[in-house]
Structure formats: structure tokens, C-alpha cells
1. Select, from A:49, A:79, the only residue that is of a type outside the set (Phe, Trp, Tyr), surrounded by 15 or more Cβ atoms within 10 Å (Cβ to Cβ) and within 21 Å of residue A:221 (Cβ to Cβ).
2. When residue A:225 is evaluated against the numbered criteria (1) β-branched (Val, Ile, Thr); (2) touching a Leu at 6+ places or on another chain (Cβ under 7 Å); (3) farther than 25 Å from residue A:311 by Cβ, which criterion, by number, is the only one it fails?
3. Can you name the number of the only condition in (1) surrounded by 14 or more Cβ atoms within 10 Å (Cβ to Cβ); (2) away from RNA strand B (no atom under 13 Å from the Cβ); (3) in contact (Cβ under 8 Å) with a residue 60 or more places away in the chain; (4) not hydroxyl-bearing (Ser, Thr, Tyr) that residue A:381 fails?
4. Looking only at region A:359-370, decide whether some residue is in contact with a strand residue (DSSP E or B) (Cβ under 6 Å, 6 or more places away or on another chain), in a strand (DSSP E or B), near RNA strand B (Cβ under 8 Å from one of its atoms) and under 30 Å from residue A:262 (Cβ atoms).
5. Keeping to region A:453-481, report how many residues are assigned to a strand (DSSP E or B) and either without any contact (Cβ under 8 Å) to a residue 40 or more places away in the chain or of a type in the set (Asp, Glu) (or both).
6. In contact with a Gly (Cβ under 7 Å, 6 or more places away or on another chain) and touching a residue at least 40 places away in the same chain (Cβ under 8 Å): does that describe residue A:299?
7. Return the total of residues in region A:302-326 being in a helix (DSSP H, G or I), more than 6 Å from RNA strand B (Cβ to nearest atom), in contact (Cβ under 8 Å) with a residue 60 or more places away in the chain and out of contact with any Lys or Arg (no Cβ under 6 Å at 6 or more places or on another chain).
8. Here are some conditions: (1) surrounded by 16 or more Cβ atoms within 10 Å (Cβ to Cβ); (2) small (Gly, Ala, Ser); (3) closer than 22 Å to residue A:44 by Cβ. Residue A:111 meets all but one. Which one does it not meet?
Amino acid sequence: MEEFPEIMTREKKEEKHELPELENVEGKVVMRMAPSPSGPLHIGHSRMAILNDEYVKRYGGELILRIEDTNPNNIDPDAYDMIPQDLNWLGVNVTKKVIQSSRMDIYYNIARDMIRKGILYILEKDQAIFHDLKLKSIPAEERSYTPETNEEKFDKLLSGYYSEGEAAVVMKTDLAHPNPSVRDWIAFRINTAPHPLTGNKYILYPTMNFSVSADDHLLGLTHIIRGIDHLVNTEKQKYMFRANNWKIPEYYHYGFISIPDTILKTTVIKQGIKSGKYSGWDDIRLGTIMALKKRGYRPETFRKYWINSGMRESNATFSWEIFNSMNRELIDYDAKRFFFVKDPREVKLNNTNKLKSHAAIHPGRPELGYREYEINPKSSIYFPSGEFEKLKENDRIRLKDLCIVLKNEKEFKYMPEDNDKKLKIIQWVPLNSNDIKIYKPDGTVDDGKIEPLASGKKGVVQLERYGYVNLSEHMGFYLHR
RNA sequence: GCUCCGAUGGUGUAGCACGGCCAAGCAUUCCGGCCUUUCGAGCCGAUGACUCGGGUUCAAAUCCCGGUCGGAGCACCA
């Protein structure tokens with residue numbers, strides 16, 4: 001190779017995006033996804049699901065789906081089913097499912113043990129007062145009570161002696177910690193709202209920081225990937241690991257991603273469904289996994305996109321452009337081509353001979369054959385009215401795969417074939433085409449006609465010069481250009 | 001305000017732990033051209049970035065200090 005150095009410099013390095021290796025992997029990994037069951041998953045959630053899934057697939061091990069339902073006020077019972085369905089569609093391989101509300105006794109036992117060790121204490125103070133003490137780094141008097149006293153009060157807590165807000169279980173951390181919220185955080189609180197799964201059986205619920213730490217340890221998590229919104233929680237949870245002498249997992253936090261022009265907020269969606277604004281969780285105006293699936297996105301696109309995004313801690317903007325491009329690459333091979341005419345206008349053609357159209361079903365795959373229609377002499381076609389209005393008198397255009405025409409007042413004049421390469425090419429459909437409505441993610445609907453050969457077709461097709469559309473019955477859902 | 005985190009072209013990322021092979025790679029978009037009877041696919045070309053200021057060093061995107069900007073947290077939510 002010394003003789004041909006210039007050849008070497010031309011070599012292109014093919015770069016594929018891969019996730020970085022995890023630290024301290026000893027054999028297999030145990031990872032988890034921990035959504036709260038407030039609704040189905042949306043595109044933002046798919047990141048944590050896929051990142052975790054990718055690593056478990058790489059190293060082998062377990063991927064736990066842990067549903068965090070320790071706050072009865074924020075639960076949609078349907079989510080218990082919708083979340084696993086969304087994950088399944090995304091190709092995420094959950095090996096174990098855990099529901100926190102069914103583990104209450106486990107949390108109580110750990111709490112009792114920690115009370116005996118003097119790590120937890122029972123607070124009988126108002127939230128505001130406690131908050132104020134923490135701000136000033138002043139210990140509450142209960143902090144120094146004996147384990148016996150605390151255990152007694154813990155039993156009272158369980159038995160319903162206290163009502164909401166009167167008492168709570170507190171985790172001792174470090175009152176000198178620079179971040180007040182890390183100082184002595186609340187581990188259990190009373191909530192008397194009925195739980196969708198357990199009803200009124202429990203009134204003392206662990207807070208997320210307690211149940212998460214307990215479960216991450218008990219389930220043997222080795223590596224945890226989650227958003228930077230949990231950075232402070234990680235710090236809080238490490239106190240619990242250290243206090244119990246548990247092995248601390250490796251933590252990774254990825255940055256926030258803002259997803260433009262997309263409706264994701266569960267509360268907003270729920271309200272919209274209730275008021276009739278949205279047809280359901282899969283309304284294509286939404287950013288839920290269900291809606292994206294309905295539009296025709298492929299699960300592999302999500303995977304590719306999130307692998308490409310990596311795990312940086314810096315915030316970023318989601319790029320529909322790149323996402324769509326990745327999806328296009330996946331669907332194009334199987335997307336048959338058809339003509340769609342939006343806002344059709346019947347335009348007369350003054351041809352004297354019968355015309356035959358000849359359009360490829362897929363220009364890259366001639367073996368699939370052609371779409372052919374016959375246009376009788378002095379007949380008409382449907383043409384997009386928007387395009388028609390843009391034409392000037394005597395403009396020549398090509399009706400795609402049919403013939404050249406010239407605009408003459410309200411009609412098209414048939415023109416003989418020539419080799420003019422610069423002609424504008426516009427699609428059309430024959431008169432026996434079917435009506436179709438195409439729903440778009442921005443909430444608008446395009447009414448039009450789709451060529452006869454597309455009738456009954458389902459799945460993603462490409463409507464030439466219009467975009468990719470997921471067809472179903474007499475409607476279509478717009479995917480992307 | 002306090003605590004913590006981050007900053008590479010329009011967008012997304014690679015590189016940064018071990019400074020030199022980075023006058024910065026890849027993808028996407030935009031712009032030009034070729035091909036094509038799609039605004040799809042393919043091909044070619046072009047534009048475009050290390051937040052700023054200091055310091056260390058023969059050498060800094062990479063290390064140190066400071067500023068600016070952005071974000072998160074500051075709940076008996078998750």
C-alpha cells in the first residue's frame with residue numbers, strides 16, 4: 001500500500017451509530033423501565049424503553065417492566081394493559097413485570113427494618129413546618145426519637161390512626177446537604193384515595209424515592225438509564241443504598257428532548273378525549289405510540305432514532321425530519337405507488353383517440369408491474385384543482401404516465417408526445433376513481449379521489465407527489481412526505 | 001434565589017476519561033447538477049460547527065479558571 005497512498009486516503013469510513021459500552025458490566029445486566037400508569041406510552045417514553053432494551057439485548061440479562069403506581073391519584077387503569085402493548089409493538093423484550101402496588105408489604109417490611117436500625121423516623125408535623133426546618137438545616141425533634149417509639153408510631157400509621165398530612169415516614173440523610181430537598185426526604189405518606197388495583201386496602205404509600213430504591217435493590221438492578229429529571233432523585237436514592245449497605249447500581253441520565261409540534265401531555269390528551277376533541281389515545285394528531293403506529297411508522301424507526309441519539313446529558317430537539325427520513329428508508333421498498341387527486345376538478349380532454357396510461361407500481365421494482373387505465377376519446381379526468389388554478393393559459397404540462405396537454409380555458413387540449421424534459425408533471429385520476437379522505441396530523445383533512453387500482457388496499461403506500469399514507473378502507477392517515 | 005447539569009454546522013450526533021492522526025467524521029435538511037414521466041429512490045457537488053475570554057503546553061474541541069447562555073431540581077408526584 002505504500003505505492004498507492006492516494007487510494008488509502010480516499011477510503012471512506014463507514015460510521016454506524018452505536019451506543020457506548022456500559023461501565024462495570026459483569027456478565028449479564030439487569031435493567032428496568034419504570035413508567036407510571038397514567039396513560040399509554042408516547043414517543044418520549046420510547047427512548048427509555050429502547051435504550052434499556054438495546055443494552056439488555058447486547059449483554060444479555062433481564063429487562064424488568066416496573067409499573068410505579070404508588071400514587072393512587074395519578075392512575076389510569078387502562079394503562080396497565082396499554083403500556084405492555086406499546087412496548088410489545090416497539091419490539092422491547094420485557095422479561096419480567098412488576099407492579100409496585102402489589103408489593104406494599106415488602107416496602108413495609110423494609111421500612112420496619114430501617115426504623116429499627118434508626119434510619120427512618122416518624123414525623124408528626126405539618127408539611128410546611130417540616131419544609132421550613134429543612135431549609136434551615138434544623139432537625140425535627142422526632143429525628144432523635146428511639147427506634148421503639150418510631151416503630152410504635154409506624155404501627156399507628158398503618159392502622160389508620162393518623163389522617164392525611166398528619167404524619168409521614170422520613171428518611172434520614174444529611175441535614176447539611178446543599179440541596180434542601182435531599183435533606184431528610186419523605187419515605188411514606190398517607191393517601192386515602194382508593195387505588196384502582198388495591199382499593200382501600202392501603203393508606204400508607206411509599207414515595208417514589210423509597211419504593212424505587214427498595215425495588216432497584218431487591219430486583220438486582222445493575223444499570224439504570226433514565227432522564228436527567230431524576231438526577232436529584234438518584235442522589236436521594238443513593239442515601240438509602242448506603243444506609244442499608246446495598247450495592248449501588250450504575251446510573252446514566254440522558255438529556256431532555258423537546259419534541260416539537262407534538263401533543264404528549266397525558267392530562268391534555270385525557271381531557272381532549274373526554275371532551276370529544278380527540279377520537280382516542282390513537283388520534284393521529286397525538287404523539288402517542290398508538291397514534292404513530294396508526295400513521296404507519298415502523299417500530300424499527302424508533303429504535304434507530306434513539307440509538308442514534310445516544311445518552312448524552314445535554315438537552316436536544318427531536319427532529320421529525322431525521323425520524324421521517326429513517327422511516328422512509330424502511331417503508332419505501334414496500335410502498336406501492338398510486339395517484340391521489342386532492343380537491344378533484346373534472347377537466348375535459350379533447351383527445352380524438354383512446355389513451356392508455358402506463359405507470360409503474362414501484363419505479364424501483366418493475367417486476368411488480370404497471371397501473372394501466374384507458375381514457376376514451378373526448379372524455380375527462382380528475383385533476384387537482386389547486387394545480388389547475390396555478391396554470392396559465394396555454395401552459396403545457398404532462399399528465400403523469402398519460403400524455404402532454406395544454407391548458408385551454410376550462411379544458412385540456414391533447415398534445416402530441418415530444419421530448420421536452422422540462423415539462424411540469426402532475427398526477428391525475430380517471431373518472432371511475434374512488435372518494436377518499438386523508439387525515440393529517442395537523443388536524444386537517446384532504447378530500448379527494450384515489451385511482452381505482454388502490455381500492456381495497458391497506459397499509460402504507462406512496463401517493464405520488466403527495467406523500468406516504470397509511471390506507472385503511474375509505475380513508476388514509478398521512479404519514480410523511 | 002439556592003443546588004446540580006450541560007454547551008460541536010439549520011437539526012441530530014462522533015470525537016472529549018488517555019491533548020497531537022481533527023485545518024473536525026457521519027446522518028438529515030437546504031442549495032446546485034445528473035438520472036428519473038413523483039416533490040420518492042439513486043448518484044455527484046457545494047455551503048455550513050468546536051459558546052466566549054483567559055491560562056497550562058512545542059501542541060487544546062479535548063486539561064484548568066472565569067463569564068455567557070440553556071436546562072433540571074428545590075413536593076408527604078413519578
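The values are calculated or read from the model by the stated rules, or taken from the named source; none is laboratory data. Keep in mind it's a predicted model, so treat the numbers as computed, not measured. Using ideal geometry, Cβ is built from the backbone for each residue, glycine included, and neighbour counts are taken over all protein chains shown.
1. Working: A:79 fails: within 21 Å of residue A:221 (Cβ to Cβ).
Exactly one of A:49, A:79 is of a type outside the set (Phe, Trp, Tyr), surrounded by 15 or more Cβ atoms within 10 Å (Cβ to Cβ) and within 21 Å of residue A:221 (Cβ to Cβ), namely A:49.
2. Unmet for residue A:225, out of (1) β-branched (Val, Ile, Thr); (2) touching a Leu at 6+ places or on another chain (Cβ under 7 Å); (3) farther than 25 Å from residue A:311 by Cβ: (3).
3. (3)
4. No, region A:359-370 contains no residue that is in contact with a strand residue (DSSP E or B) (Cβ under 6 Å, 6 or more places away or on another chain), in a strand (DSSP E or B), near RNA strand B (Cβ under 8 Å from one of its atoms) and under 30 Å from residue A:262 (Cβ atoms).
5. Pass one, region A:453-481, residues assigned to a strand (DSSP E or B): A:459-463, A:467-472, A:475-480.
Still in the list and also either without any contact (Cβ under 8 Å) to a residue 40 or more places away in the chain or of a type in the set (Asp, Glu) (or both): A:467, A:471-472, A:475.
Qualifying residue count, region A:453-481: 4.
6. yes
7. Step one: of region A:302-326, the residues in a helix (DSSP H, G or I) are A:302-309, A:320-326.
Among the residues that remain, those that are also more than 6 Å from RNA strand B (Cβ to nearest atom) are: A:302-307, A:320, A:323-324, A:326.
Imposing the further condition that a residue be in contact (Cβ under 8 Å) with a residue 60 or more places away in the chain reduces the set to A:302-303, A:306-307, A:320, A:324.
Those still in the list that are out of contact with any Lys or Arg (no Cβ under 6 Å at 6 or more places or on another chain) too: A:302-303, A:307, A:320, A:324.
Residues flagged as in a helix (DSSP H, G or I), more than 6 Å from RNA strand B (Cβ to nearest atom), in contact (Cβ under 8 Å) with a residue 60 or more places away in the chain and out of contact with any Lys or Arg (no Cβ under 6 Å at 6 or more places or on another chain) within region A:302-326 amount to 5.
8. Of everything listed in (1) surrounded by 16 or more Cβ atoms within 10 Å (Cβ to Cβ); (2) small (Gly, Ala, Ser); (3) closer than 22 Å to residue A:44 by Cβ, residue A:111 misses just condition (3).
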